[in-house]
Structures are given as C-alpha cells and as structure tokens.
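K.L.:
Can you keep this structure in mind? I'll have questions shortly.
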Amino acid sequence: MDAADLKFFEAVAQSGGMSRAAKKLNTVQSNVTRRIRALECELNVSLFNRTGRGVSLTPAGEQLLPFAVRIARLINEAAHAISDDGRPKGSLVIGSLETTAALRLTPFLSQFVSDFPEVDFSLKTGTSRELVEDVLDHRLEGAFVCGPVHHPDLLQRKMYQERLVVLTARRETSLNAYLRKNDLRMVVLRAGCSYRLILESWLAHRGIVGIRILEFGTLEAIIGCVEAGLGMTLLPEALVGPVWRDERVAVHPLPNDYGHVDTLFIRRRDSFQSSALKALLALASPQFARRQAAKPRPSLPKRDFAKSPTI
C-alpha cells in the first residue's frame with residue numbers, strides 16, 4: 001500500500017464523498033476516484049458503499065481507517081523528529097487545567113514566547129478527563145492534569161502540589177455549621193473536573209450525598225456564585241489570593257487525606273518529545289520557579305486592593 005493512497009482514503013472517509021475529498025486535498029475528483037479504485041483493487045475489497053448522496057465505509061473500510069490514521073500520524077511524527085535540530089520551533093499544542101494555567105503557567109509563558117519566537121504555541125484548557133482523552137487521541141502533545149492518572153499509554157511527571165480548600169460565602173465562618181444546612185449546593189465546573197470529584201468524595205465520606213449541583217463554565221463565574229452565597233466549591237488555596245481578592249470568600253482547610261493534590265504533566269508513551277516541549281517543561285519546573293523567586297525584584301508602588309478590579 002502507498003501512504004498517499006491511504007491519505008486519499010482517509011480524506012474520503014472523513015468527508016463522506018469523492019468531490020468533497022477532492023476539495024480538501026486540492027485536487028480533481030477523478031484523481032481521488034482513481035486512487036481509491038487502485039487501493040480497492042490492490043486489497044481486493046470494496047472500501048466504500050457508493051450512493052447518489054455520497055459514500056459510506058464498508059466493514060472492510062471501517063477496519064482500514066484506524067490504520068490509515070495511525071500511519072499518517074507516524075509519518076508526520078517522523079518528519080517532525082527528523083527536522084527537530086534541538087532548536088525549539090514549530091507547533092506546540094498542550095493542555096492545562098484552568099487553575100494550573102492561572103497559577104503556574106502564566107508567570108513563565110511570556111518568557112517562553114519571548115525566548116522562543118519560532119514556536120507556534122497554543123494552550124487548551126479543560127477538565128482532567130477531557131485533557132487525558134485529548135492526549136491519548138494525539139490532539140495534544142501533553143497536558144497538565146490533576147493526579148493520580150493511571151493509563152499504560154501515558155508517561156507522567158509530577159510538577160506541583162496544591163493545597164485544596166473549600167470556599168464559601170464570606171459570612172459562613174464555620175464549615176461544620178455550614179454543612180449542617182438542608183439546602184447545600186456545590187458550584188463547580190462540568191463533569192470530569194478533578195476538584196469537583198474530590199469535593200464529592202469528601203462530602204460522601206462525611207455522609208453528605210445527593211447535594212444539588214450548579215455547573216458553570218469558568219472559574220470567575222464559580223467564585224462570583226460562591227461569593228453571592230449560592231453554594232460552595234473546592235479549589236487550590238493559592239488561587240484565592242493572587243487571582244481573586246481574598247476578602248470575597250471564606251476559606252476552609254480540608255483534612256490532609258483530601259487537602260493536597262498533585263498536578264502532573266502527561267504525554268503519550270509512544271510520542272516524540274519535541275525540543276519546544278522540552279524547553280517549556282524546563283521553564284515550568286518548580287526548580288525554575290524557585291530560582292526566579294529568589295532573584296531580587298524592584299520595589300513596586302503600593303496598590304489599593306480595595307479598589308482593584310475583579311479578575
């Protein structure tokens with residue numbers, strides 16, 4: 001089989017028609033048809049059901065498609081590896097929890113972009129579940145997720161440890177008293193969020209189940225709802241001060257069994273680690289952060305945080 005023929009086959013399978021695949025491949029329809037017929041002749045099977053409305057995969061075509069996708073990906077990875085001369089450059093797409101992006105990545109990303117202008121960097125935020133799936137499906141080169149992660153196809157590296165706290169409205173000074181209320185609500189991100197799962201587990205350990213859930217898409221919306229007294233949430237303690245004014249909410253510590261969580265960087269075991277990714281992980285390391293923190297900083301004018309805008 002020719003890799004180019006498999007590329008044509010994949011394009012037809014994904015677009016659902018010869019003409020649409022031709023547009024995608026920037027060629028004429030007759031060329032696509034010829035390549036598909038040649039591939040079917042070589043394999044001695046029919047790969048597509050032809051109808052007036054387009055094409056659909058036969059059982060043989062469905063079996064071939066994942067191999068075609070894998071071969072195309074391996075060819076791209078091989079070209080990427082060969083062209084990588086140790087100088088960070090090219091595309092780098094990674095994922096991160098929104099909290100990790102705000103707490104840990106933002107401080108060094110400006111330096112990364114400045115130091116390596118030839119890298120086309122893209123960051124996708126999501127829940128740990130979404131990010132793990134994206135790494136496994138090769139949509140991300142790697143991702144910062146909440147541990148633990150157990151998958152035979154993934155390599156993982158511990159990057160940070162976060163102390164978790166429960167956040168409530170400022171007036172709720174006693175967490176035990178708050179948890180005795182009848183109308184408890186959790187204000188959380190969508191399903192798959194690791195902090196949400198930890199909060200649910202901790203509440204279940206205390207015998208609190210069936211709690212109402214309010215889902216929001218951003219951390220800012222969650223904090224706003226907690227501040228307004230709509231419910232409680234669980235987040236890294238370090239996020240409260242630097243990202244939001246700490247007087248907006250009450251902060252309640254958790255027992256050690258639930259109060260700490262590791263942030264891991266994961267990537268596929270069989271993937272090539274580019275020079276761009278190596279450079280980013282070097283800047284993301286806790287050792288680099290400690291070296292930066294130890295450097296003398298110029299004094300800054302005092303700010304009136306009572307008048308600071310909400311981030």
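The values are calculated or read from the model by the stated rules, or taken from the named source; none is laboratory data. All figures in this text were calculated on a predicted structure; none of them were measured in a lab. Please note: Cβ atoms are built from the backbone with ideal geometry, for glycine as well, and neighbour counts cover all protein chains shown. Areas reflect the complete protein model, heavy atoms only, side chains present, ligands, DNA and RNA absent. Shrake-Rupley method; radii C 1.70, N 1.55, O 1.52, S 1.80 Å.
K.L.:
Would you please name the trypsin sites (Lys or Arg not before Pro) within region 1-86 that are DSSP coil residues with at most 11 other C-beta atoms within 10 Å of their C-beta?
P.N.:
Answer in residue order: ARG53.
K.L.:
Next up: Of the DSSP beta bridges with both residues in region 26-166, give the percent that are antiparallel, rounding to the nearest 5.
P.N.:
Of the beta bridges lying entirely in region 26-166, close to 30 percent run antiparallel.
K.L.:
Any aspartates and glutamates with Cα under 15 Å of the LYS23 Cα? List them, leaving off those in the same chain fewer than 8 positions away.
P.N.:
GLU10
K.L.:
Can you spot the aspartates and glutamates whose alpha carbon is less than 12 Å from LYS124's alpha carbon? Ignore those fewer than 8 places along the same chain.
P.N.:
Partners found: GLU98, ASP134, GLU141.
K.L.:
Right, next: Using the heavy atoms of the protein chains and a 1.4 angstrom probe, tell me the accessible area per residue for the chain in square angstrom.
P.N.:
About 55 Å² of surface per residue is accessible.
K.L.:
Between ARG269 and ARG180, what is 0.36 nm times their sequence separation minus the Cα-Cα distance? Round to one decimal in nm.
P.N.:
Here the segment from ARG269 to ARG180 would lengthen by 27.4 nm.
K.L.:
Name the residue from ALA22, LEU184, ILE71 whose Cα lies farthest towards the positive end of the charge dipole of the chain, charges +1 on Cβ of Lys and Arg and -1 on Cβ of Asp and Glu.
P.N.:
After comparing all options, I get LEU184.
K.L.:
Please report the antiparallel percentage of the DSSP beta bridges confined to the chain, to the nearest 5.
P.N.:
Bridges in the chain are about 65 percent antiparallel.
K.L.:
While we're looking at this one, here's another question. Once you keep just the Cα pairs under 8 angstrom separated by 6 or more residues, what percentage relative contact order results for the chain?
P.N.:
Rounded, it is 21 percent for the chain.
K.L.:
Check which residues have an amide H placed less than 5 Å from LYS124's amide H, if you skip close sequence neighbours.
P.N.:
For LYS124, whose amide H was placed from the backbone, the distant partners under 5 Å are ILE94, GLY95, SER96.
K.L.:
Treating only the Cβ of Lys, Arg, Asp and Glu as charged (+1, +1, -1, -1), what charge dipole size does the chain show about its Cα centre? Round to the nearest 20 debye.
P.N.:
580
K.L.:
Can you compute the charge dipole magnitude of region 135-281 about its Cα centre, using +1 on each Lys and Arg Cβ and -1 on each Asp and Glu Cβ, nothing else charged? Give it in debye, rounded to the nearest 20.
P.N.:
With only Lys, Arg, Asp and Glu charged at Cβ, the dipole is about 60 debye.
K.L.:
Can you check how the C-alpha radius of gyration of region 1-147 compares to 2.2 N^0.38 Å, as a plain ratio?
P.N.:
1.35
K.L.:
I've got another one for you. Among [x] 37; [y] 16; [z] 40, which one is percent of Cα pairs over 35 Å apart computed from these coordinates?
P.N.:
Read-out taken from this structure: [z].
K.L.:
Taking N as the number of residues in region 128-223, what value does Rg over Cα atoms divided by 2.2 N^0.38 Å take?
P.N.:
1.28
K.L.:
What share of the DSSP beta bridges in region 136-253 is antiparallel, in percent to the nearest 5?
P.N.:
65
K.L.:
Let me ask another. Please find, in a Gaussian network model of the chain (springs between Cα atoms separated by less than 10 Å), the residue of PHE48, PHE116, PHE272 whose mean-square fluctuation is greatest.
P.N.:
Result for the chain, Cα springs under 10 Å: PHE48 fluctuates most.
K.L.:
Under the rule of at least 5 residues apart or a separate chain, name every residue whose amide H is placed under 5 Å from the amide H of PHE216.
P.N.:
Excluding prolines and chain starts, which carry no amide H, the hits are VAL188, LEU189, ARG190.
K.L.:
How large is ³J(HN,Hα) for each residue in region 146-159, as worked out from phi by the Karplus curve 6.51 cos²θ - 1.76 cosθ + 1.60 (θ = phi - 60°), to whole Hz, x for Gly and Pro?
P.N.:
8, x, x, 10, 10, 7, x, 8, 10, 9, 9, 9, 6, 10
K.L.:
Let me ask you something else. Accessible area of the chain with a 1.4 Å probe: how many percent of it is carbon plus sulfur?
P.N.:
53
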